[in-house]
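Structure record follows, encoded as structure tokens.
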There are 2 protein chains.
Amino acid sequence: MSESLEKAYKELIERTVEVSRIYSCAAVLDWDQKTYLPRKGSDSRAQQISMLVGMGHQKFVDPKVGDLIGELKAGGYDKEEFSDEETNIREISRAYEKAKKVPTSLVMETAETTVKADAAWVEARKKSDFESFKPWLEKVIELKRQYAEAVGYPKEPYDALIDDYEPGATVETIGKVLEDFRVELVDFVGRVIGSGKKPDTSILSRHYPVDKQEILGKMAASAMGFDFDSGRLDKTTHPFCTGLGVGDVRITTRYNPHHFNDAFFGIMHEAGHGLYEQGLDPKHWGTPRGEAVSLGIHESQSRMWENMVGRSLSFWKYFFPLAKGIFYETLRDVKLEDFHFAVNNVEPSFIRVEADEVTYNLHIMLRFEMEYAFFRGELKVDDIPAVWNEKFKHYLDITPPDDAKGCLQDVHWSNGLIGYFPTYTLGNLYSAQFFAKAKEDLGDLDEQFERGSFGELKQWLHKNIHTHGQRYRAGKLVEVVTGKPLSHKPFMDYLKSKFGPLYGV
Amino acid sequence: MSESLEKAYKELIERTVEVSRIYSCAAVLDWDQKTYLPRKGSDSRAQQISMLVGMGHQKFVDPKVGDLIGELKAGGYDKEEFSDEETNIREISRAYEKAKKVPTSLVMETAETTVKADAAWVEARKKSDFESFKPWLEKVIELKRQYAEAVGYPKEPYDALIDDYEPGATVETIGKVLEDFRVELVDFVGRVIGSGKKPDTSILSRHYPVDKQEILGKMAASAMGFDFDSGRLDKTTHPFCTGLGVGDVRITTRYNPHHFNDAFFGIMHEAGHGLYEQGLDPKHWGTPRGEAVSLGIHESQSRMWENMVGRSLSFWKYFFPLAKGIFYETLRDVKLEDFHFAVNNVEPSFIRVEADEVTYNLHIMLRFEMEYAFFRGELKVDDIPAVWNEKFKHYLDITPPDDAKGCLQDVHWSNGLIGYFPTYTLGNLYSAQFFAKAKEDLGDLDEQFERGSFGELKQWLHKNIHTHGQRYRAGKLVEVVTGKPLSHKPFMDYLKSKFGPLYGV
């Protein structure tokens, strides 16, 4: 390799890391906004984040970055596929080509608007007041539409947004995956619900003191391998995980003293994300080689820990005595099998993040259809509550009692994260395919879980997924790890093998 | 005024506000570092803060800023003394002339080093291990020495540092104030301690559960007028207050379950700073007109609320029933007068922030002498523990049992805040002079405090001090508000009138 190419690569990396560092500062301010910021501080915070995001964007779209990429490609510095260099040049180039089409002013306006819209959403959700949130949502959708037009798209404006979260995915490719899946899923949901069997879920609605929930949640996250010397758990309105720098990965949750699931499985979910972030290679921090592949792959990690591990019988064989110890008065009369059945209750419900594994993906399909309709101009913001409730009735046969439990429940739209939802279903499908392969490689995982041993699974995920960063794109990664392209079959197999026996279907 | 001057002024303000906004982002990261950052995240955090501080510095020292200042001065835009425009041009110019002499690389290195030194200090203090902190302190002092040489100074290198915190003050001017004060103070300390009278302080070392301390502390801060919708209270190693933006002022404290004073008076102290920050004019945010005058004036606010209000008998006439209610088991046998005498115990002690009002300034004099000696090259870092203990013996006639209670107790040196300590004594002197004037203007403050009414004092401080920002420099402000130049007399009068009767001297 010539010395000048090496120099160019070094400069490209330095510039990329600096941009990432600016964004990581914005991420600290964003985390703080969602956890600790005083109410009257939100306008000032919006200006701060907007400024930082604008600075990062401006630095990244510097033509010099394009020149360096061009020089490296022309010189063949990226010729060895999947090497560190090829990975970084490929993905920096991809991001650069997209970013340079977007005016910095639009980036800044979107950042400022979404921070304010988030504050408005928090208030609107509290009061179930869609009207007060409407002008903000209109503004966010308009900004995302401008963004889609600026960056361009293969067929649909919505494609431009999906691609931000799941590079390369489109309405068409996702639509195809969902189509076959939907048919099998709807049939299975019908059979489970029609089985007439139902666990006693009242045991989950007893009194679970918040401070004890926090202790048990931290125990579960620690058992999974989440390192609290490199991370934190805090409270928020809408749970999330964020990586703020090497050695600093933060997860958040919300507690309901009268419901066990929300915080416990929420913490396992976010800790699953957290393990991915903590498992990235620190020496590649700030470059694609040291960053997560896609949100779908991210979600595969969180859903695997939350559901395939956290809702398994083997997990509870180990963990139930601990839960009984800490919630002695609440759980002393409860049997393991009844508790396990209760946390695997399948039932149409209003809140996505609290939905069971079986009906969960129907929540996503509904959102995917609605977002797609926004961006084709077929759905107006005014009509959202009515359409939401209509689709809910269609898919889940229940009607939300108010918008707080309906179209106002999610943080995504106020945050401008449109195109993000489909990655949740992709995540579920990826997770089952990965988990099946992990079981093949690691032998009897259930026997390990029963002993409270989760380290082998964690190491397997680190080695096969986390440590690669963006070496492979999502579809390729699935093939490299499992030997097969993505399919909904492993997920349906997983559902059937778990819920079939529970519900006798 | 010509249109071009107006345009120049607008641009100068916009640039200044942007620089302030960058620094305010760094302040959020700094607050987080001192409250919630996971242990392994400190290197990454140091890089983030260093980058932001470097960006802010680079933007500020842009020659265009100098051109704008020059244009405005030449055009006479600052001709009306103490107007908003004159204030901003005067103080931006002062800061610019200083900043432009400092290389950005030094600013960044100092920022990164002090974040790491802070983490090292936290560990060293825990273990009372001066040796592990020594290399960091040497590095910090060396960087501050380089800084002093870069910006220049009238006589002493130490002057360059003092001027950062108390613009215009020097070793000479402060030395003069301290000289006369010291003589009177040492005499008074001797008489109080020699009086033979001593309150029963064991009542303050009973069990005070931390969660209740937090409630009582928040009640006190709220009663003072600190707005928790525009602020927060969190835990930290070394208490501080920081303004992070409009509507976002944060105070911190530390709790000792076996000592009442630390958190309670610490919270009142920081809330006093907080009221100043919350009282600044939001429409001038990010410019000198909307910023605090000096650290001495800042400290006058915190010390006034902590001591002149918080340790007064009238305050406790109102507050003691509340304290008794919340700490029922701890305080039920305690009489108001005994509690009041206990919180006013005068006794040589090791920890500055917990020292009584009378001996407090001796702690400062000792530090002032030591810092001055560093910067004359008369004191080596190696000798700090021995010299500290020697001076302690001289001033307070006691010897710290270890370095954690000695030279490792303060956060300042690790944070690069050298030249900061003298502002504490200036603050005490300012506070007494302001408080005497407030009493003149507002009548019987004690009668108001007894009724739990602190609003008039708060409004007086807002109107006479907070809302002016940097309109007047510290010395001028004292004259404008009180009609007299700074003197140690009001502070000695205050000490005598309060502690004379308590100790019969």
statement: Per the filter on segment A:281-291, residues open to solvent by less than 20 Å² (accessible area, probe 1.4 Å) and not β-branched (Val, Ile, Thr) are A:286, A:288, A:289, A:290
task: Take residue B:406 and decide whether it is over 14 Å from the mean Cα position of the chain (by Cα) and modelled with pLDDT of 95 or more.
output: yes
message: Residue under question is residue A:431, and the condition is that it be closer than 25 Å to residue A:122 by Cβ and either of a type in the set (S, T, N, Q) or assigned to a loop (DSSP other than H, G, I, E, B) (or both); does it hold?
response: no
task: Evaluate the following for residue A:56: is it more than 18 Å from residue A:248 (Cα to Cα), without any contact (Cβ under 8 Å) to a residue 40 or more places away in the chain and outside any loop (DSSP other than H, G, I, E, B)?
output: yes
message: Suppose we filter A:107, A:28 for residues that are more than 14 Å from chain B (Cβ to nearest Cβ), crowded, with 17+ Cβ neighbours inside 10 Å and of a type in the set (A, V, I, L, M, F, W, C); which single one remains?
response: A:107
query: For segment A:59-81, does any single residue satisfy the condition of being assigned to a helix (DSSP H, G or I), closer than 26 Å to residue A:28 by Cβ and open to solvent by 10 Å² or more (accessible area, probe 1.4 Å)?
result: yes
message: Going residue by residue through segment A:210-217, is there one that turns out to be within 14 Å of another protein chain (Cβ to nearest Cβ) and farther than 21 Å from residue A:368 by Cβ?
response: yes
statement: Here the qualifying pairs (Cβ atoms under 8 Å; residues six or more apart or on different chains; first in segment B:459-479 and basic (Lys, Arg); second part of a loop (DSSP other than H, G, I, E, B)) come out as B:471/B:82; B:473/B:167; B:473/B:168; B:473/B:293; B:473/B:294
message: Just to confirm my filter: which helices (runs of 4 or more DSSP H) fall fully inside segment A:98-179 and include at least 3 residues that are charged (D, E, K, R) and free of Cβ contacts under 8 Å to residues at least 24 places away in the same chain?
response: A:130-151
query: Under the condition of being away from chain A (no Cβ under 11 Å) and out of contact with any Phe, Trp or Tyr (no Cβ under 7 Å at 6 or more places or on another chain), which residue from segment B:236-247 is nearest to residue B:211 (Cα to Cα)?
result: B:236
- request: Among the candidates B:396, B:362, single out the residue that is at pLDDT below 95 and surrounded by 19 or more Cβ atoms within 10 Å (Cβ to Cβ).
  value: B:396
Considering residues of segment A:190-209 that are among the small types (Gly, Ala, Ser) and surrounded by 13 or more Cβ atoms within 10 Å (Cβ to Cβ) only, the residue farthest from the other protein chains (Cβ to nearest Cβ): A:195
query: Is it fair to say residue A:446 is in a loop (DSSP other than H, G, I, E, B) and not hydroxyl-bearing (Ser, Thr, Tyr)?
result: no
statement: Here the qualifying pairs (Cβ atoms under 8 Å; residues six or more apart or on different chains; first in segment A:325-351 and basic (Lys, Arg); second assigned to a helix (DSSP H, G or I)) come out as A:332/A:324
message: Could you check segment A:248-263 and list, in sequence order, the residues that are within 14 Å of another protein chain (Cβ to nearest Cβ) and crowded, with 22+ Cβ neighbours inside 10 Å?
response: A:248, A:249, A:250, A:251
- request: Go over the candidates B:266, B:274 one by one and state the one that is within 14 Å of chain A (Cβ to nearest Cβ), closer than 30 Å to residue B:126 by Cα and either modelled with pLDDT under 95 or assigned to a helix (DSSP H, G or I) (or both).
  value: B:274
- prompt: How many residues are out of contact with any strand residue (DSSP E or B) (no Cβ under 8 Å at 6 or more places or on another chain) and either within 7 Å of chain A (Cβ to nearest Cβ) or of a type in the set (Val, Ile, Thr) (or both) when one looks only at segment B:33-42?
  reply: 1
field: Residue tally, condition over 19 Å from residue B:96 (Cβ atoms) and open to solvent by 30 Å² or more (accessible area, probe 1.4 Å), over segment B:155-179
entry: 7
- line: Among (1) within 24 Å of residue B:29 (Cβ to Cβ); (2) open to solvent by 30 Å² or more (accessible area, probe 1.4 Å), residue A:85 falls short only on (1)
- prompt: Is it the case that residue A:269 is crowded, with 24+ Cβ neighbours inside 10 Å, under 25 Å from residue A:422 (Cβ atoms) and not assigned by TED's automatic domain parsing to the domain that holds residue A:37?
  reply: yes
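The values are calculated or read from the model by the stated rules, or taken from the named source; none is laboratory data. All values derive from a computational prediction rather than experimental measurement. Positions of Cβ are backbone-derived with ideal geometry, glycine not excepted, and every protein chain shown enters the neighbour counts. Surface accessibility is based on the protein's heavy atoms, side chains included, excluding ligands, DNA and RNA. Shrake-Rupley method; radii C 1.70, N 1.55, O 1.52, S 1.80 Å.
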